[in-house]
Amino acid sequence: MSEYLELLTSLSLKSVEKNNFKVLDLFAGCGGLALGFEALGFETVGYEKDKDAVETYNSNLDGKCHEELLTTDTIFPAVDIIIGGPPCQPFSVGGKQLGLDDSRDGFPVFINAVKQRKPQMWLFENVRGMLYRNKEYLQEIIKNLESLGYTISYQLMKASNYEVPQNRERLVVVGHKGGFQFPIEKDAKFTVSDAILDIAYKTDKNSKFLTKSQDTYIAKYEKASKCINPRDLYMDRPSRTVTCRNLAGATGDMLRVKLPDGRRKRLTVREGARLQSFPDWYKFKGTESSQFYQVGNAVPPLMSYHIAKAMLAYIKGKITETSQQGQLAFSWQ
């Protein structure tokens, strides 16, 4: 077993000492973000509208996920931390840019939850584009959250710097009361080989291979996009970003492994899950297509784990500070 797979095995919820902090997980998906927190002893409660993702969450995690379409009228339980990946719709191509007034957008729900519960800390993650072409909208969100009394820190985090064998970049924004530090990048860089070498070249009756027409299409796609190297997975480096589209769809950008006999095999759900840093004990529910979408939409649990560890250290530090001051409770308002 590779060092990476041993690391995934350590993301176990068995015999984890609880830390007495509660986490509200909004737009929870299949639980990738929650897994990182639960592996450190946090208690989670999730909210997600997708039925299969809710079933996956509840089948694997200790926390309870509610199948619910969230609105700004939703009442949430008292918690110490709020986390989530709010869907960001107002900047879709061809759409009207309504910002926080867009009914499809998840940030009004997130902001309202923070306003309602006043957690010690909060975190949201989103696409890297929010730092660039959507930066004005990000500034609007930050302004709203700062008005609630939080200091805000943000960082573009690359998953491969946090033990995930994938070049995934996500914007992570944290609200705190001053002094929070993001986790330090890890020296170890895991590769595709570390994640799936033991299963990548195995085939059975359920294996899916690219057809000749797909190979022809991909060749044209790579030529048109001036792709220097074929988009196959390379065992000696981290994977390209794992997405719903390149897992579930038969597209030119799909993730695939080139076999010794020249055939290209499409990734299985488990291979995609390993590249996302889900341990093998984590089982996904629903159709294969639904499982691909759950995996592709997830926050890599190992990256979540490192973020959660930094947040736990921060909160414990504040509690220590409080006890040293002789106070019964730290004021977060």
Response to the item:
Every listed condition ((1) modelled with pLDDT of 95 or more; (2) buried (at least 20 other Cβ atoms within 10 Å of the Cβ)) holds for Leu247 save (1)
Worksheet entry | Answer residue from segment 32-51, given it is small (Gly, Ala, Ser) and either over 12 Å from the mean Cα position of the chain (by Cα) or farther than 19 Å from Ala113 by Cα (or both) and is surrounded by the most Cβ atoms within 10 Å (Cβ to Cβ) among those | Gly46
Fill in: Hits in segment 52-75 - residues which are out of contact with any His (no Cβ under 9 Å at 6 or more places or on another chain), without any contact (Cβ under 8 Å) to a residue 60 or more places away in the chain and crowded, with 21+ Cβ neighbours inside 10 Å
Tyr57, Leu61, Gly63, Cys65, Leu70
Worksheet entry | Residue among Gly99, Gly149 that alone is modelled with pLDDT under 95 and over 19 Å from Ala28 (Cα atoms) | Gly99
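Residue by residue through segment 115-132, note down the ones that are without any contact (Cβ under 8 Å) to a residue 60 or more places away in the chain and assigned to a strand (DSSP E or B).
Listed by number, the residues that qualify are Trp122, Phe124, Asn126, Val127.
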Worksheet, complete the sentence: For segment 273-283 the number of residues that are aromatic (Phe, Trp, Tyr) and either in a strand (DSSP E or B) or within 16 Å of the chain's Cα centre (by Cα) (or both) is 2
Response to the item:
The one condition Lys205 fails out of (1) outside the structural domain of Pro260 (by TED's automatic domain parsing); (2) more than 18 Å from the chain's Cα centre (by Cα); (3) of a type in the set (D, E, K, R) is (1)
Discussion item. Can you find a residue that is in contact (Cβ under 8 Å) with a residue 60 or more places away in the chain, over 16 Å from the mean Cα position of the chain (by Cα) and under 25 Å from Asp50 (Cα atoms) anywhere in segment 300-312?
Written reply: no
Discussion item. Any residue in segment 142-164 that is surrounded by 19 or more Cβ atoms within 10 Å (Cβ to Cβ) sitting within a Cβ distance under 7 Å of a residue that is at pLDDT below 95 and small (Gly, Ala, Ser)? List the pairs, counting only those 6 or more apart or interchain.
Written reply: Glu163/Ala188
Item to complete: Mind listing just one residue for me: the one in segment 14-31 that is touching a strand residue (DSSP E or B) at 6+ places or on another chain (Cβ under 9 Å) and either assigned to a helix (DSSP H, G or I) or among the polar types (S, T, N, Q) (or both) and, of those, surrounded by the fewest Cβ atoms within 10 Å (Cβ to Cβ)?
Response: Asn20
Worksheet item: Are any of the residues in segment 174-190 touching a residue at least 24 places away in the same chain (Cβ under 8 Å), of a type in the set (Val, Ile, Thr) and in the same structural domain as Ser153 (by TED's automatic domain parsing)?
Response: yes
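In segment 232-253, is there at least one residue being of a type outside the set (A, V, I, L, M, F, W, C) and farther than 28 Å from Arg128 by Cβ? Talk me through it step by step, then tell me what you get.
From segment 232-253, those of a type outside the set (A, V, I, L, M, F, W, C) are 232, 234, 236-241, 243, 245-246, 249, 251-253; that's our starting set.
Narrowing the set further to residues that are farther than 28 Å from Arg128 by Cβ leaves none.
No, every residue in segment 232-253 fails to be of a type outside the set (A, V, I, L, M, F, W, C) and farther than 28 Å from Arg128 by Cβ.
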Discussion item. Just to be sure before I move on: is Arg168 touching a Ser or Thr at 6+ places or on another chain (Cβ under 8 Å) and assigned by TED's automatic domain parsing to the domain that holds Leu7 in the structure I sent?
Written reply: yes
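Pick from Arg270, Arg240, Arg274, Arg231: which is touching a helix residue (DSSP H, G or I) at 6+ places or on another chain (Cβ under 9 Å), crowded, with 20+ Cβ neighbours inside 10 Å and of a type in the set (D, E, K, R)? Please lay out each step first, then the result.
Working: Arg270 fails: crowded, with 20+ Cβ neighbours inside 10 Å; Arg240 fails: crowded, with 20+ Cβ neighbours inside 10 Å; Arg231 fails: crowded, with 20+ Cβ neighbours inside 10 Å.
Exactly one residue qualifies, and that residue is Arg274.
The values are calculated or read from the model by the stated rules, or taken from the named source; none is laboratory data. Computed from a predicted structure; not experimentally measured. Here Cβ is always computed from backbone atoms with ideal geometry, including for glycine, and neighbour counts include all displayed protein chains.
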